[in-house]
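Working notes, structure below.
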Amino acid sequence: MKILQPPFWTEPRGYANGIMTEMQAGSRLLFIGGQIGWNAQQEFETEDFAEQVGQTLRNIVAVLAEGGAGPEHIARMTWYVCDKKEYMESLQDIGRHYREVIGRHYPAMTAIEVADLVEDQAKVEIEVTAVVPPAA
C-alpha cells in the first residue's frame, strides 16, 4: 500500500488522505479518506455548503491524482452531511460544482446525515473508492 499525500498539503495527523493498493494484473484500488471543504493548508475559506462541496471535490481529485487516477475512476462516494435540509436546498449549486470538478461521471453514491463532523466548520465530508485499470 502507498499513502497518497498531495505535495504542499499540510500533513494530516492520525489518518491518511488516501491509500493505494496494487491488484492483480496491475489494477489498483484507491481509498480516499473523508475529505472536507478546507484548502491544502487546512483552512476553511467559506461557510457556504455548496462552496464547501466544491472544495471537497477538488480535494478528492488532488488525492486521486497522487495515485495516478482521475474522477472517471471513482467507483463509490459516501457523503456525510450535517444538515439534510441545507444539503437538499443546495442541490442545484452542488450539481454545478460536481459537474465542474468530476464531470458527468456518476459512481455509486450514498448520502448520510450525521450529528456532527470532527472539524467544527465542516458541513460535508466525502470518502471515495476508485478502481484504476492497468492502462491508467
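Annotations
- Entry remark, segment 34-53: residues being in a strand (DSSP E or B) and either in contact with a helix residue (DSSP H, G or I) (Cβ under 8 Å, 6 or more places away or on another chain) or more than 23 Å from I112 (Cα to Cα) (or both) number 4 in total.
- The set of residues in segment 81-136 that are of a type in the set (D, E, K, R), more than 30 Å from Q24 (Cβ to Cβ) and not in a loop (DSSP other than H, G, I, E, B) comprises K84, K85, E86, E89, D93, R96, R99, E100, E113, E125.
- When each of Q35, Q92, Q121, Q41 is tested for being exposed (fewer than 15 other Cβ atoms within 10 Å of the Cβ), at pLDDT 95 or above and within 20 Å of I3 (Cβ to Cβ), the lone residue that passes is Q41.
- Flag if T56 is of a type in the set (S, T, N, Q), within 13 Å of A130 (Cα to Cα) and not in a loop (DSSP other than H, G, I, E, B): no
- The set of residues in segment 66-80 that are closer than 23 Å to E119 by Cβ and assigned to a helix (DSSP H, G or I) contains only E66.
- Taken over segment 97-126, the residue count meeting the criterion of being in contact (Cβ under 8 Å) with a residue 40 or more places away in the chain, out of contact with any strand residue (DSSP E or B) (no Cβ under 9 Å at 6 or more places or on another chain) and of a type outside the set (V, I, T) is 3.
- Answer residue from segment 53-70, given it is over 10 Å from the mean Cα position of the chain (by Cα) and on the phi < 0 side of the Ramachandran plot and is surrounded by the most Cβ atoms within 10 Å (Cβ to Cβ) among those: A69
The values are calculated or read from the model by the stated rules, or taken from the named source; none is laboratory data. Note that the coordinates shown come from a computational prediction; the quantities given were computed from them, not determined experimentally. Glycine also receives a Cβ, built like all others from the backbone with ideal geometry; neighbour counts cover every protein chain displayed.
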